[in-house]
Every structure is written in structure tokens, then in C-alpha cells.
Amino acid sequence: MWLPHWPITRLSRSVSASPDRPLVTVETVRGVRHLVVVGMHGEAQGLSPGQTLTAARAVCPALVPVDADPVADEAALAKLATWCERYTPMAAPDPPDGLWLDITGCSAVFAREAELAHDLAIRLERNAVPCRLAIAGTSGAAWALAHAGKDRIILASGEERTALADLPVTCLRIDAGTVTGLRRLGLRTVRDLLRIPRAQITARFGALPVLRLDQALGAIEEAIDWPRPPIEWHERLAFVEPIGTPEDLRLALARLAERLYRCLAEQDKGGQRFVARFFRVDDVVPRIAVSTALPVRDPAYLHKLLCEKLDTVDPGFGIEVMGLEAETVTPLHAPQTRLADIAALDASDRLAGVVDTLANRLGADRVSRVTPYASHVPERAVRRVPPLPVKQPSWVGDPAAPRPIRLLRRPEEIEVIAPVPDDPPIRFRWRGVSHRVRAAAGPERIAAEWWRGKRSGKRPETDLIRDYYRVEDSDGARFWIFRTGLHAEDRMPRWYLHGLFG
Amino acid sequence: MRPPFYIAERPADESAAFPGDGDFLRSGRLSRPKALPAHLAALLRGPAKPAGASLPFDDPRVDGCLGGGLPLGQLHEIGAAGLDAETAALPTGFIAALLARIAPARPVFWIAPVSDLHPPGLLSYGFDPNRLLLVRPPKDVETLAAMEVALREGVAAAVVGEVGQFDRTTSRRLQLACLRHGSTGFVLRRWPHGHKAADREASVAITRWHLTPMPSVKDGKEPGLPRWHVALTHARGGRPGEWIMEASDDATHPLRVVAALADHAPEPQRFRLAG
């Protein structure tokens, strides 16, 4: 799809212009302001790109110059590509002024490809976006036809050679220098180019013209940089009238979930991440995403998860099209159950249900399990892992080295009175409250893992040693405190409180 | 004040939950008026719960107050005073000791906005950290909502939530979710550092506990087994009591009663003892 004068189209939506006051974009090259893009009205008045602004003013004094902003153009193009996702999940911007839409298999929804093209053209036209569409078996041929052929052409695959023969070489997406060179040799159309031995073109102009030619004719595959990875599992529902009530949306979601389920079940697959998109009548596309701990495809369950988040979707003036896709798809075999296992299976399903509900409501990183990790450093001895599936190494406790039940995320410094060199403290003060130590056990020496990370040069090595003590105060409260470093002549060791025992 | 038209009577279906002598129960329990329509009466009673599901402390001094043991499939509230109101270390140990014996094969949801629970510390109370499913909601409100979600599925052995503010309506919702689906709920009252523990209204939890640390019996210079002053301040269908408990390393009985401090036994029983 080619959008001629795209920057002008974009600007005319915000800047007022009329046929006798044409919009142009200008850029400054070496102190001279040149026209970059001239709109339809400007062309009618005799303006052309590349003119200096002064010359253009002489031709048409009423013109409205606006600084060219390629970044904004591209952003607007990307937005239009998102809007086009109502037709196909594969829509990519083709800067500076084109869009790729891969409608393979999508035309079934529109009965024919022509219907789709017609619908798209009408909608763009209504929004004052001039466009030229072409549908072809290869992206190169489509590009060529959109730029140089008739509007809304639909080319059956295999006919590229004849259709492209009469088009100028500019339609092959090659740079201006090469085009000038080819013209100088009298090669004006694609047919001329096809007549010449390929080796000679390559020798003179590099590999690009031949590559583009092959791509247009379908001899070589062309890769397009799609903004999103291709989605295999996608269901779409278009409405005759825009819908907006929560009941309607819920119903539509249920239908989509049911359809997606049929596709997934056919191939024994299940998804772990689902995204529902709501294409509104304006160009906003709200979306909701849900993730599950285990692959699922059960439509009722999926529907329930999606509906929980439905209140975040603002339907605005109405929703025209809804899409539901499964992003992470893994094999999911229908479980073979023995009668005896059914209860256990049901319990694990229900557990997965609770985990999913909580993870989708609060965020996936907020639901976890813990697993032991071989480290003596207490804050590293526990790892958080995804909540499911449940299969973990067992925990082994050392009765000689009990661990606190609460571990502060960061040890808090305490003021202590402690006999030197390595007795437990007699008193300490934590969070403004003084505690008299009644009983103490320790020390348990835990050294930092020297193989991890870089040590700052300033601190002495002894600071990496922690001597932990288990102390009980006069009330019976128990704390886990440690001293870093050893007593030296010039410096006092510091004491920290790291945890609490029950 | 007891309204005159209530008839002190115990619903028939609960008799199994409180075996043994229960004169005080009968007299202390309010029940529905006789003339209540059948469907309202059924609502009041709630769905039938598994009869007699309770976790005994294996000590008549405690079980007597609770009517046989800690009732399962109900909501319990556990709090502490002073330092432990903000660190929650004591109640955590107490709950871990209880959880160790509740349906040991099933998972336990631990829902807390502050993530300072140290799973290796639970091992010494006989609780396997592999059963833990940690949920970290942002605030109290989400904690209570998450508790309800977890309780409603009834798949977990127990659901523990650490909350500060806890109003009567929410507690009723949680208690209902416990009753309907059979999981046991524990609300661990915990206040952020610097906040004063303040209750505006009492919850409808079936039991309320209050813990205070006690100096342990020293083992030489080292601290001995942890000792707590455990106060059962409220027990629906039972009576309050106070004990000194010790967390023992015996896996089958992680809590041992050292001494009974107060047993708010009802009049008839005391009379019988005297006679």
C-alpha cells in the first residue's frame, strides 16, 4: 500500500490548508531551504520536490511551509500500521510512505481479496488519507504495482513477469543513482532490464537491481521486518455495528475463546499467554493480556481470565473489530486419567486456577514459590521460582545452625555494647528501642562469596566476614545479629541486625 | 445483652464438632429464634462443614477451651504485641507450627505485602517450605482480596494473610469463604513500622490469639527452646484461656504447653471441681 504525500496527509490533519494554500514540507540543506514533499494541491500549482523555497514562493506565494519531521512521519505510519491490524495481524510500516499488509488467508473473512482492498480504501478515503493499493503474490510486485501501476490492482501469482514488464525501473525499490545509471544506458522499463544478461547488471550496478528483480518475480523470498512476530493462533471477530456494552464484549470474548479453542484443540496445543485486542472506531486499540502458569485452551477458563480484566478496556465510541491471539503456544495433550487420579488432577487444576487469577490480578512476579539454593549467605540461600509446576529439591535444615523466620531485606545497623574481641553484645539498640541480651549463641561465621562480583578496594578483607549470633533479650524476643569485620586497633567492627526468630 | 426472644440452644449439626461435656457451650451460645423460616435458618447455619475437623493441641488444657482442638475450615486471627506487632516473628512461628500439621500434602498460600518471610526458618517448626506459595500484593486491601480468591477455591490446606487494618465485613467474607470451601484461614495482624496497632472493630474470626514472647529456659549460656505467652482471647463456642507454650522439636507436637495461666472455665465446671 502506497500513501502518496504521506507527510502532507499527516500535517493536513492538524494544519489548515486549502487548494490555493498548499502545504509543503521543507528542510534546510547548507543554508538553503528546499521543498521535500509537495501535496496534491501543490503539484497542481506547479510546485515540485527539490525546489528551493524562494523559487517555490515565486510560483505560488500562498504556500504554507512546514519543517519536515521524518520521525513524526514514521511514528504516524506505525500507528496506521497498528490500525491496519484489523485486517491482518501482519501489518508493518514501510517508511517513508508505505505499508505492508500480509493478507494471506485473511481474505476468507472478506469473501474476496477485492472486498478487503475496497473496505480498506474506502475507510482511508473517508479519513482523507489518499492511498494506492495493490495485491500481489510477492511483496516486490505489490510495491511496484502500488507505485506505478493502476490503483487497486489484484495480481494472481505467476503473472508478475507480464504485469511488471511495462513498468519503469523506479518501481523496483532501487536508489536514485542506480536509476539514473540505468536510464543513461537506455534501460527504462523492467522489460529492458530482463533482456540484459544478469551478470552485466551486477558487474555495473551491484547486486541490488537483480535482487529486487528476483524478489518482485518471486524467484527469491523477501523478508519483511514485521513489528510483531507472526501469530499463528489468531481469531478475529468483526461487528456490523460497533459494540460497547460490557455484556456484548463479554459475549464476543466468549465466542473468540471458543473459536481459538477449536483451533488449538485440533493440534493438541495450549497457550500460556493470550492477548485480546479491541479495535475502536477511533484509532485507539486497547488490549488486555493474560498469562497462565500452565498451558491451557479451555474456553470457559480463558473467558473467565479475560473478563476479569475487561473493566480496564474503555470502549470509547464503540468497538468494530476484536481479535484474540495465543502468543506462547506449547503442546498440550489431553490428559489420560485413571479414575483414581481424577481427584488429584482436579486439585492441581484448581490450584493453577488460583495462581493464574492472582498472577493476572497482581502481576506475574508477585506469585512465586521458593526453592533452596546452595549458598551459605543467608539472603542468597532462597530462590524465587515460578509457582508451577510443582517439582522441587527438598529443603534440608541444619539443626546446629538455625535460621530466622523473618529475614530483613537489608541488614539494619545497630548500636551495641559488646566485649572485645568476639563476644556477643550485652546490650543493643534497634529501631530506637534498647534490648538487654539475656542469652546468646554463636558465633557462626559466614564469609562473603569472594568469587562473586567485584569487591570495592577500600574495605578491608575482614569486612567480608560476618559473625552471626543468636541472641535473646530480657523479654524473650530473639534476634539474629552479626558483626562485620574483626577488632583492629584503628577501627571498630560494625554490628547489624539481620533477622528475627519466632 | 441477650435479647429475651432468643432461645439458648446449640444447632444439632455442630454437636459433633464439640464432643464431650458442653453445658457451658449450650448456655453460652445464642441461636436462631424458633419461628425463623426454614430457608433463613439454613442461611444462618451455612452449608454443612466436615464434621469434627479440628486440629488438637493434644493437651486437655487447650483443647478443652477450644472444644476439641483448633477448628479447621474456619478463620483464625493471630496477633502480637509490641515489637512483634511490626515484625510478626512470633505469630509466624506459631502459625508455622500449626500449619505443619494441617493437611501436610497440600499447599499453603502465604500472602503478605512485605517479603521478609525466610523459608529456611520455617523448617525448625516442622513446616516444609516446598508447600509455600508466596503472594506479594501491594497493600492490605489487595492482601484481603487475594486471601478470598485463594480461600474460595478450597484447594489449599491453609491461607495465611498478613494485614494491619481488618474490618468486620471483610472478616465475614473470609470466614464465609473458609466455611464454604474448607480451607483454613489465618489472618496475621501486622502493622508497618511506626504505626500503632489499632482496631476499630472486632473481626468475626472464630478464634483470636494474642502472643507475647517469654524468656526461655537457658541451655547453658545459649537461649533454649522458644517460649511464648499464648492468650486465646476469643473462641466462638469455646472459652478464652492463657498458657505458656514452648515450641518443641518433636515433629508430631510442635507446641507444648508448659503452664496454664488462666482458664476461663465456666461456673458449673468450677463448682464441680470444688465439690
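Read the figures in this text as sums done on the coordinates, not as results from a lab. Keep in mind it's a predicted model, so treat the numbers as computed, not measured. Here Cβ is always computed from backbone atoms with ideal geometry, including for glycine, and neighbour counts include all displayed protein chains.
Please arrange A:E415, A:E235 by counting, for each residue, the other beta carbons lying within 10 Å of its beta carbon, fewest first.
A:E415, A:E235
Going by average Cβ density within 10 Å per residue, which order do the peptides A:398-407, A:41-50 take, highest to lowest?
Output ranking for A:398-407, A:41-50: A:398-407, A:41-50.
At R0 = 45 Å, how high is the FRET efficiency between A:A165 and A:E241 if r is their beta carbon distance? Nearest 0.05 is fine.
Once rounded, the FRET efficiency stands at 0.45.
From other protein chains only, count the Cβ atoms within 10 Å of every residue's Cβ in A:471-484, then give the mean.
On the way: counts 2, 9, 4, 2, 7, 11, 11, 7, 3, 2, 0, 0, 0, 0.
What the average comes to for A:471-484 is 4.
Simple spin-label model, 7 Å along Cα-to-Cβ: B:D167 to A:A203 in nm?
8.8 nm
How many Cβ atoms of partner chains, on average, are near each residue of A:398-405 if near means within 10 Å of its Cβ?
Averaged over the peptide's residues, the number is 6.
Just rank B:V160, A:V71, A:V281, A:V275, fewest to most, by other beta-carbon atoms within 10 angstrom.
Lowest count first: A:V71, A:V281, A:V275, B:V160.
I want the local charge near A:R250. Using Cβ-Cβ distances under 14 Å, sum +1 for each Lys or Arg and -1 for each Asp or Glu among the other residues. Write down the numbers at each step before the final one.
Working: positive: A:R255, A:K304, A:K309; negative: A:E247, A:D248, A:E258, A:E308, A:D311.
Net local charge, A:R250 excluded: -2.
Starting at 0 and stepping by 20 Å, how many percent of the alpha carbon pairs of the protein assembly as shown end up in each bin?
13, 31, 25, 20, 9, 1, 0
Could you tell me which trypsin sites (Lys or Arg not before Pro) in segment B:81-179 are loop residues by DSSP with no more than 10 other beta carbons within 10 angstrom of their beta carbon? Intermediate results must be reported in sequence, preceding the final value.
Values: sites: B:R101, B:R131, B:K139, B:R152, B:R168, B:R172, B:R173; in loops: B:R101, B:K139.
Here no trypsin sites (Lys or Arg not before Pro) fit, given the DSSP loop and packing criteria.
Just to confirm a number: summing +1 for Lys and Arg and -1 for Asp and Glu over residues other than A:E472 whose beta-carbon lies under 12 angstrom from that of A:E472, what do you get?
Residues near A:E472 contribute +3 overall.
Can you grab the distance from the C-alpha centre of segment B:68-134 to the C-alpha centre of segment A:354-386, Å, no decimals?
17 Å
Can you report the principal axis dimensions of segment B:114-250 using only the alpha carbons, biggest first, rounded to whole angstrom?
Sorted largest first, the three principal extents are 49, 35, 33 Å.
When the chain is fully extended, how far beyond the present Cα-Cα distance does B:V141 get from B:D219, taking 0.36 nm per residue of separation?
23.7 nm
Suppose the chain between A:R427 and A:M40 were pulled fully straight at 0.36 nm per residue; how much longer would it get relative to their current alpha carbon spacing?
130.7 nm
Give the shape of segment B:187-252 as rounded, prolate or oblate, defined through the alpha-carbon gyration tensor: a ≥ b ≥ c are the square roots of its eigenvalues, a/c under 1.5 means rounded, and otherwise the shape is prolate if a/b is larger than b/c and oblate if not.
oblate
If you place +1 on the Cβ of every Lys and Arg and -1 on the Cβ of every Asp and Glu, how big does the dipole about the Cα centre of chain A come out, in debye to the nearest 20?
Around 1180 debye, computed over chain A.
Let me have the 222 nm mean residue ellipticity of the protein assembly as shown computed from DSSP H runs of 4+ only, each contributing -39500 (n - 2.57), with the sum over all residues rounded to the nearest 500.
-8500 deg cm²/dmol
Based on the Cβ-Cβ distance of A:E125 and A:A72, what FRET efficiency does E = 1/(1 + (r/R0)^6) give at R0 = 30 Å, to the nearest 0.05? Present the calculation step by step, with values, prior to reporting the outcome.
On the way: r = 23 Å, r/R0 = 0.76.
Using R0 = 30 Å, I get an efficiency of 0.85.
Do any trypsin sites (Lys or Arg not before Pro) in segment A:1-100 lie in a loop, going by DSSP, with at most 13 other beta-carbon atoms within 10 Å of their beta carbon, and if so which?
Here the trypsin sites (Lys or Arg not before Pro) that fit, given the DSSP loop and packing criteria, are A:R13, A:R30.
Could you work out the local net charge near A:A440, counting Lys and Arg as +1, Asp and Glu as -1, over the other residues with Cβ closer than 11 Å to its Cβ? Don't skip to the answer; put the middle values down first.
Values: positive: A:R438, A:R470, A:R478, B:K218, B:K221; negative: A:D423, A:E472, A:D473, B:E222.
Neighbourhood net charge equals +1.
Between A:D283 and B:R236, how high is the FRET efficiency from 1/(1 + (r/R0)^6) when r is the Cβ-Cβ distance and R₀ = 45 Å? Nearest 0.05. Don't skip to the answer; put the middle values down first.
Numbers: r = 59 Å, r/R0 = 1.31.
With R0 = 45 Å, the Cβ-Cβ based efficiency is 0.15.
Using only the alpha carbon atoms of segment A:62-150, find the Kirkwood hydrodynamic radius as the inverse mean reciprocal pair distance, in angstroms to one decimal.
It is 14.2 Å.
If neighbour count is taken as other Cβ atoms inside 10 Å, put A:V37, B:V257 in order from fewest to most.
B:V257, A:V37
When the scattering of segment A:179-279 is computed by the Debye formula from its Cα atoms alone, each counted once and equally, what is log10 I(q)/I(0) at q = 0.18 Å⁻¹?
Values, matching the q order: -0.91.
Roughly what would the spin-label model give for A:V32 and A:S14, points 7 Å off Cα along C-beta, in nm?
Simple spin-label model gives 3.0 nm for this pair.
Within 10 Å of each Cβ in peptide B:107-114, how many partner chain Cβ atoms are there on average? Round it to a whole number, please.
That average works out to 3.
In degrees from 0 to 90, rounded to the nearest 10, what is the angle of the helix A:208-217 Cα long axis to the longest principal axis of chain A?
80 degrees
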